[in-house]
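Right, one structure below, let's go through it.
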Amino acid sequence: EEAQKKAYCDREMGETGSKKEDKEDEIEKLTTKIDQASALSTKLQEEVAVLQKELSEIAKAQAQMDKIRAEEKAKYEKSRPELEQGIKGIQMALKVLRDYYSKDAKHESSDGAGSNIIGMLEVAESDFSKGLSDMISEEEAAQTSYEETTQENELATATKDADVTHKTKESKSLSKNAAELSSDRDGVNTELAAVMEY
């Protein structure tokens with residue numbers, strides 16, 4: 001009877017030991033999976049925070065650029081008509097002087113003075129025209145640069161927004177998976193406790 005009892009106990013202890021090892025292995029595997037999921041989720045959350053900071057910086061830079069471009073454009077739109085009006089005024093003065101000195105023979109003696117004045121006005125017209133041409137070129141270059149940078153910012157924003165959405169979704173999924181694995185591990189721990197008690 002004692003031999004049968006001992007054989008029964010040895011068999012049960014062997015099975016219990018085997019079950020205990022199985023449960024401990026299962027707990028270890030679950031813990032590893034939980035740690036991996038949690039670590040990856042945390043990493044993704046950190047990457048999302050960096051992306052959101054970058055998005056904020058892009059938005060601030062774009063707002064600043066919009067403000068500067070608006071100021072430049074307003075200055076251009078105010079200055080260009082004034083410069084054009086100045087050029088027209090000089091052209092009208094040149095026309096009047098040329099007509100005056102070419103029609104009246106009495107002014108031949110003061111022709112040198114007239115040609116000096118006309119020469120000065122021609123130089124002023126040339127300077128104003130060059131200034132207008134430079135102003136137009138600068139405005140076109142600034143507008144082109146602004147549009148290119150704005151397009152780059154829009155593309156970067158769209159890409160980063162998509163990354164934020166994807167990484168946030170993946171992080172939530174990993175956190176949910178880690179919670180489910182923790183629940184499974186709790187169940188296995190309960191089973192292990194029952195095996196140990198047995």
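The values are calculated or read from the model by the stated rules, or taken from the named source; none is laboratory data. None of the values given here were measured: they were computed from a predicted structure. Because the Cβ atoms are built from the backbone with ideal geometry, glycine has one as well, and the counts that use them run over all protein chains shown. These accessible areas exclude ligands, DNA and RNA; they are computed on the full protein's heavy atoms, side chains included. Shrake-Rupley method; radii C 1.70, N 1.55, O 1.52, S 1.80 Å.
In terms of Cα to Cα distance under 16 Å, which aspartates and glutamates are near enough to LYS53, apart from those fewer than 8 places away along the same chain? LYS53 reaches GLU154, ASP161, ASP163. Extension gain for the segment LEU55 to SER182, taken as residue separation times 0.36 nm less the Cα-Cα distance, is 42.3 nm to one decimal. Compared with the alpha-carbon gap, the fully stretched path from LYS29 to ASN116 is longer by 21.5 nm at 0.36 nm per residue. Segment ALA3..ALA162, full-extension length gain: 50.1 nm, with 0.36 nm per residue of separation and the alpha-carbon distance subtracted.
Per the Debye formula on identical point scatterers at the alpha carbon atoms of region 1-52, with no solvent, log10 I(q)/I(0) at q = 0.21, 0.26 Å⁻¹ is -0.78, -0.90. Between the listed residues SER38, THR190, ILE136, the Cα displaced farthest toward the positive end of the dipole of the chain, a dipole computed from Cβ unit charges relative to the Cα centre, is found at ILE136.
What FRET efficiency would be calculated for the residue pair SER129, ALA70, taking the C-beta separation as r and a Förster radius of 30 Å, to the nearest 0.05? Plugging the Cβ-Cβ distance into 1/(1 + (r/R0)^6) gives 0.65.
What do you get for the angle between helix 2-103 and the principal long axis of the chain? Use alpha-carbon atoms, 0 to 90 degrees, nearest ten. Between helix and principal axis, roughly 0 degrees.
The rule of thumb for compact globular proteins, 2.2 N^0.38 Å, goes into the C-alpha radius of gyration of region 113-198 3.05 times. Taking every alpha-carbon pair under 8 Å whose residues sit at least 6 apart, the chain reaches a relative contact order of 54 percent.
Using the 1.4 Å probe convention, the accessible area of the chain works out to 72 Å² per residue with neighbouring protein chains retained. What a 1.4 Å probe finds exposed on region 66-198 is 55% carbon and sulfur by accessible area, rounded to a whole percent. Remark: for residue pairs LYS60/LYS172; LYS67/LYS169; LYS60/LYS176; LYS73/LYS169; LYS19/LYS43, the C-alpha separation exceeds 31 Å in LYS67/LYS169; LYS60/LYS176; LYS73/LYS169; LYS19/LYS43. Would you work out which of ILE118, MET13, GLN62 lies farthest towards the positive end of the dipole of the chain, given +1 charges on the beta-carbon of Lys and Arg and -1 on that of Asp and Glu, about the Cα centre? Farthest along the dipole direction, towards plus: ILE118. If you wrap the tightest convex hull around every Cα atom of the chain and split its volume per residue, you get 96 Å³.
For the chain, the 222 nm mean residue ellipticity estimated from helices alone, with every DSSP H stretch of n ≥ 4 adding -39500 (n - 2.57) and the total spread over all residues, rounds to -36500 deg cm²/dmol.
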